[in-house]
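Below is one structure, written out as structure tokens; the observations come after it.
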Amino acid sequence: MRFDTDAFPANQIYKLLTATVVPRPIAWVSTRSASDVANLAPFSFFNVMGDEPPILAVGINRGARGMKDTARNIIDTGAFVVNLVPFDLAQAMNLTAIDAPPGVSEFDLAGLTAAPAQHVTAPLLAESPVHFECVTHASLVTGPEQILAVGRILAVHVDDRFIKDAARGHVDSVALDLIGRGGGTAYLRGSDWFSMTRPTWAEHQAESANSGA
Ligand SMILES: Cc1cc2nc3c(=O)[nH]c(=O)nc-3n(C[C@H](O)[C@H](O)[C@H](O)COP(=O)(O)O)c2cc1C
């Protein structure tokens with residue numbers, strides 16, 4: 001079946017997109033408003049987009065009251081922090097998706113700790129094992145009160161418990177126990193990992209030559 005996006009209501013397209021692009025990592029984004037309120041909210045339209053310089057992107061849709069606080073704060077301050085979500089913080093993460101009015105800090109609401117970052121005024125979420133401190137590389141308007149926030153990562157923090165080899169940048173991804181989002185109310189917990197080594201052209205040619213011999 002084909003769904004031409006202009007011919008279907010936006011909420012149906014949203015369901016198609018979020019039920020097919022799975023699992024999605026979750027950026028738990030902390031920002032600080034111009035009036036100094038620490039804000040925290042999850043976003044699964046998220047991924048890393050480059051490594052030299054390191055770049056990530058977060059898609060922030062229009063909320064029921066218009067532009068979401070996170071988008072407003074990123075536009076106003078040019079900075080944000082992406083924190084990642086382990087399984088044991090899933091309930092707290094969900095609570096911070098609440099449609100709280102702008103003056104309310106989701107840190108306080110969920111009993112979470114805002115810690116100072118090194119490079120930006122946006123706070124770190126102390127309970128999270130991984131933080132990316134970002135300045136805004138670009139803030140693209142992609143629709144009415146909808147933006148794509150592209151962040152340049154100035155610092156990556158990883159809890160020492162998960163570092164396997166700091167010099168090589170090796171982290172114990174499995175032990176992080178991060179969750180991903182599916183469609184609707186579905187989430188995934190990554191317990192089913194498997195490995196594959198990437199083939200090289202030279203190996204592929206050698207195998208073809210051997211099988212033909
Ligand atoms: C797991 C999860 C993922 C979400 N992903 C997105 C997203 O990618 N984009 C978006 O606009 N809202 C997303 N939301 C909804 C926002 O978190 C929610 O609208 C929140 O209230 C925004 O807060 P703010 O106004 O403080 O920025 C998500 C919610 C949850 C629970």
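The values are calculated or read from the model by the stated rules, or taken from the named source; none is laboratory data. All values derive from a computational prediction rather than experimental measurement. Glycine gets a Cβ as well: all are built from the backbone with ideal geometry, and neighbour counts include every protein chain shown. SASA here: full protein model, heavy atoms, side chains in, ligands and nucleic acids out. Shrake-Rupley method; radii C 1.70, N 1.55, O 1.52, S 1.80 Å.
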Reported to two decimal places, what Rg/Rh ratio describes the chain when computed on Cα atoms with Rh from the Kirkwood expression? 1.04
So, with points 7 Å from each Cα along the Cβ direction, the residue 87-residue 17 label distance in nm works out to 3.0
Long-range share for the range 96-213, i.e. C-alpha pairs more than 22 Å apart as a percent of all pairs, stands at 63
If you project the alpha carbons of the range 80-141 onto the principal axes, what extent comes out on each, in Å, largest first? 31, 27, 19
In nm, the gap between the two label points placed 7 Å beyond Cα toward Cβ at residue 174 and residue 8 is 3.7
Residue 188's amide H: which non-local residues (gap 5+, or another chain) put their own amide H closer than 5 Å, with H modeled 1.01 Å from N in plane and none for Pro or chain starts? 180, 181, 182
Taking placed amide H atoms and a strict 5 Å upper bound, the residues 5 or more places from residue 124 or on another chain that come that close are 115, 117
Cα centroid separation - the range 141-156 against the range 32-68, whole Å: 6
Using helices alone, I'd like the mean residue ellipticity at 222 nm for the chain: each DSSP H run of four-plus residues gives -39500 (n - 2.57), total over residue count, nearest 500. -5500 deg cm²/dmol
Using a Förster distance of 25 Å, how high is the FRET efficiency between residue 64 and residue 136, based on the Cβ-Cβ distance and rounded to 0.05? 0.55
Using the heavy atoms of the protein chains alone and a 1.4 angstrom probe, what is the accessible area of the chain per residue in square angstrom? 60
With springs connecting C-alpha atoms under 10 Å apart, model the chain as a Gaussian network and identify which of 35, 105, 195 has the largest mean-square fluctuation. 195
Roughly how much of residue 51 is accessible, in Å² to the nearest 10, using a 1.4 Å probe? 130
What length, rounded to one decimal in nm, is gained on full extension from residue 158 through to residue 202, with 0.36 nm per residue of separation minus their alpha-carbon distance? 12.2 nm
Unit Cα scatterers, Debye sum, the range 16-125: log10 I(q)/I(0) for q = 0.17, 0.18, 0.23, 0.24 Å⁻¹: -0.82, -0.93, -1.48, -1.58
